[in-house]
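S.K.: I'd like to ask some things about the structure below.
The values are calculated or read from the model by the stated rules, or taken from the named source; none is laboratory data. Keep in mind that what you see is a predicted model, and the values were worked out from it rather than measured. Here the Cβ is made from the backbone with ideal geometry for all residues, glycine too, and neighbour counts use every protein chain on show.
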Amino acid sequence: MQRRFTLKALAAAAAVSSLAGLTALPAHAADTIKVGVLHSLSGTMAISETVLKDTVLMAIDEINAKGGVLGKKLEPVVVDPASNWPLFAEKTKQLLGQDKVAVIFGCWTSVSRKSVLPVVEEMNGLLFYPVQYEGEELSKNVFYTGAAPNQQAIPAVDYLMSKDGGAAKRWVLLGTDYVYPRTTNKILRAYLKSKGVKESDIDEKYTPFGHSDYQTIVADIKKFSAGGKTAVVSTINGDSNVPFYKELGNAGLKAKDVPVVAFSVGEEELRGVDTKPLVGHLAAWN
């Protein structure tokens, strides 16, 4: 889990540090270059995004301590879109139109990125997007710094299908109900079927953002696993990870029996959770 946090933080820091290598930036009358920070500091995604805001600010401090960029200090402009997808677009308009930032570091969920994308393209802004995504999107106004499913999800499934990974034969695709989990699971379902996995051996489940009651879902997973060696691929996002992993522990669903691999969970999401019953479950990050 520490490796997952380190990679995520380093990716954000490296992206900010890349500003120091730019040879040209928009002209500003001020003596600073403004950098927009667009991460949810409240709501269901704050548990994941607050640390990214902190990492961007840390990187800006380090760059400024070394003299800044092109003789100017970086000035962070932090806003809180509050896990509200339309508000992401409004805050982007504010950052680009009112605050006149040169670049934006922000978003986590693909639905927030897709809310921001039309604004960034219309106003010719620049967005650094920090985490994995479902692919099937390309914009000259976005740096996609995370992995697509062929770089993250499929290798994780390959591992779980291998002898070392437990040789799973049955699959639960469990995610938050929005574009990234649904598209990723569509890709994974097709991949699993190409490997000979039967339709009846794939169970797909979704919960809304902020979902907190996983008792029935975990019970269903336990029942499903009675039909053969089962693995769970989790694309649950935000603070819903807390009750999900708590329920795994409560139900005694151990990794040696039903391993869970997650693409959006780490120590930030698991603070306050008794992790002893969760030893052996996995996280896949690039």
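S.K.: Against the condition in a loop (DSSP other than H, G, I, E, B), surrounded by fewer than 16 Cβ atoms within 10 Å (Cβ to Cβ) and at pLDDT 95 or above, how does Gly43 come out, does it pass?
M.R.: So Gly43 fails the test.
S.K.: Further question: Please work out which one of (1) surrounded by fewer than 17 Cβ atoms within 10 Å (Cβ to Cβ); (2) out of contact with any Gly (no Cβ under 8 Å at 6 or more places or on another chain); (3) within 24 Å of Ser240 (Cα to Cα) is the condition Ser115 fails and give its number.
M.R.: So Ser115 meets the others, but not (1).
S.K.: If you don't mind, there's one more thing I want to ask. Restricting the search to the range 259-286, which residues are part of a helix (DSSP H, G or I) and either under 18 Å from Thr109 (Cβ atoms) or not assigned by TED's automatic domain parsing to the domain that holds Asp201 (or both)?
M.R.: Scanning the range 259-286 gives Glu268, Glu269.
S.K.: In the range 57-89, what residues are polar (S, T, N, Q) and part of a helix (DSSP H, G or I)?
M.R.: Asn64
S.K.: Here's a check for you: in the range 140-196, which residue that is over 23 Å from Tyr214 (Cα atoms) and among the hydroxyl-bearing types (Ser, Thr, Tyr) is surrounded by the fewest Cβ atoms within 10 Å (Cβ to Cβ)?
M.R.: Restricting to residues being over 23 Å from Tyr214 (Cα atoms) and among the hydroxyl-bearing types (Ser, Thr, Tyr), the top hit is Ser194.
S.K.: All but one of (1) assigned to a loop (DSSP other than H, G, I, E, B); (2) farther than 19 Å from Val131 by Cβ; (3) touching a helix residue (DSSP H, G or I) at 6+ places or on another chain (Cβ under 7 Å) hold for Phe209; state the number of the condition that does not hold.
M.R.: So the condition that Phe209 fails would be (2).
S.K.: Moving on. Tell me which residues, restricted to the range 107-163, are polar (S, T, N, Q) and part of a loop (DSSP other than H, G, I, E, B).
M.R.: Scanning the range 107-163 gives Thr109, Asn124, Gln132, Ser139, Asn141, Thr145, Gln152, Ser162.
S.K.: So Ser200 clears everything in (1) among the hydroxyl-bearing types (Ser, Thr, Tyr); (2) closer than 19 Å to Ile104 by Cβ; (3) surrounded by fewer than 18 Cβ atoms within 10 Å (Cβ to Cβ) except one condition, right? Which one?
M.R.: (2)
S.K.: For residues that are touching a residue at least 60 places away in the same chain (Cβ under 8 Å) and among the hydroxyl-bearing types (Ser, Thr, Tyr), tally how many sit in the range 196-241.
M.R.: So the answer is 4.
S.K.: Tell me the residue from Lys246, Lys256, Lys193 that is farther than 22 Å from Lys276 by Cβ and either part of a strand (DSSP E or B) or assigned by TED's automatic domain parsing to the domain that holds Leu270 (or both), please.
M.R.: Lys193
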